[in-house]
1. Any chance the range B:133-142 includes a residue that's in a helix (DSSP H, G or I), touching a helix residue (DSSP H, G or I) at 6+ places or on another chain (Cβ under 6 Å), within 11 Å of another protein chain (Cβ to nearest Cβ) and more than 20 Å from residue B:172 (Cα to Cα)?
2. Quick check on residue B:15: is it surrounded by fewer than 23 Cβ atoms within 10 Å (Cβ to Cβ), within 17 Å of residue B:79 (Cα to Cα) and either touching a residue at least 24 places away in the same chain (Cβ under 8 Å) or under 20 Å from the mean Cα position of the chain (by Cα) (or both)?
3. Can you say whether residue B:78 is in contact with a helix residue (DSSP H, G or I) (Cβ under 7 Å, 6 or more places away or on another chain) and at the interface with chain A (Cβ under 7 Å from one of its Cβ atoms), as far as the supplied structure shows?
4. Among what's in the range B:118-131 and is surrounded by 15 or more Cβ atoms within 10 Å (Cβ to Cβ) and farther than 17 Å from residue A:115 by Cα, pick the residue that is nearest to the other protein chains (Cβ to nearest Cβ).
5. Find the residue count for the range B:81-110, including only residues that are facing chain A (nearest Cβ under 9 Å), surrounded by fewer than 22 Cβ atoms within 10 Å (Cβ to Cβ) and within 28 Å of residue A:155 (Cα to Cα).
6. Does residue B:179 satisfy the criteria of being in a helix (DSSP H, G or I), surrounded by fewer than 22 Cβ atoms within 10 Å (Cβ to Cβ) and touching a residue at least 24 places away in the same chain (Cβ under 8 Å)?
7. Assuming residue A:209 fulfils every condition listed in (1) assigned by TED's automatic domain parsing to the domain that holds residue A:135; (2) within 26 Å of residue A:133 (Cα to Cα) apart from one, which condition is it?
8. Is it the case that some residue within the range B:81-93 is assigned to a helix (DSSP H, G or I) and either touching a strand residue (DSSP E or B) at 6+ places or on another chain (Cβ under 8 Å) or more than 23 Å from residue A:121 (Cβ to Cβ) (or both)?
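The values are calculated or read from the model by the stated rules, or taken from the named source; none is laboratory data. The shown structure was predicted, so the numbers you read here are calculated from the model rather than taken from an experiment. Note that each Cβ is placed from the backbone with ideal geometry, even for glycine, and that neighbours are counted across all protein chains shown.
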């Protein structure tokens, strides 16, 4: 088995895949792709051959001869290929659909709007200063958490969907990490913050945290 | 069986679910939620009880007692629950992962940046005029299509992933529709445009098109 993750310490999507790999107890090689240095290493010819979207992460399973981008595609692939020691998706279709809904609330409607390349574009296109960029991130994260907190009310247990860690938690934790970094007031979202604390107390999440990566600044 | 789709004619995410429902040959009730009139009907108390994220679409399968938002969660649910007459996800894990990757290229990294609420926010936060908003959409759609067109090169057939319609096509078609609306030059992406034309010649896609919905203006 030979697994490689090309990622960046502070990328939410890379963080998600690291959590999943740790939960699956899979060894992998971590190859840092610095999104800022050298004009952005994700734009290099070598990296674009791996991932023409110029985004992190990219995951390579060389035994299976597959190269994948998109964190959620990678994580569902890992879950299908390595069901042990814990499933990240519930077994029943309805539960699985609800977990995906929560994950996409973060991965489609929240995180992409607070992405580094988007914030850079706000600066270059609209002369946005740091305060305006911060307000932009706070707005979208707050919107996302407002919806999410109501959606998880009924079924949250120790984690976002009951008492098993799922893809939903894997998407929520990096989003909260980002929210804290941008000064979002998490006291407005006590249930989400509780889930964040429950998750980050697990080794698999702690070891995946940005500050614990070799490329952390 | 009692299925209801709350959507908006021009919403890409609603369009995706309509395509999937048509491909599955499922009857459903369509309830328009006007995103502009009345201050945005998605913000009403009644709609927020259905979907606290204040976004379309929302799908209700009342026999199964499930209410779902997030188009891709809805579509994978439909695919699992109604495998006939055609599967939207390939059977093998690697193929499934690649199809999800292509779908997320559109659904996570492209469409959310060209969403109506985001464009409105550019106007309110940064005084963006119509030309600046158009340039913003063109930039992100071009970025998305640049990556996508290289990723599908090897495996595209009549459709984005071989010769079966998949979740990837369901995400690509509304994105091309949107691209054309915002004046993106599709001659730069001949393979994507070919797939768009092959898909939209199918009844399931044609009947799902925005202009064919009862709430189209």
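1. There is at least one residue in the range B:133-142 that is in a helix (DSSP H, G or I), touching a helix residue (DSSP H, G or I) at 6+ places or on another chain (Cβ under 6 Å), within 11 Å of another protein chain (Cβ to nearest Cβ) and more than 20 Å from residue B:172 (Cα to Cα).
2. Criteria not met by residue B:15.
3. Values: in contact with a helix residue (DSSP H, G or I) (Cβ under 7 Å, 6 or more places away or on another chain): yes; at the interface with chain A (Cβ under 7 Å from one of its Cβ atoms): no.
Answer is no for this residue.
4. B:126
5. 1
6. Judged against the criteria, residue B:179 is not a match.
7. Result: residue A:209 passes all but (1).
8. yes
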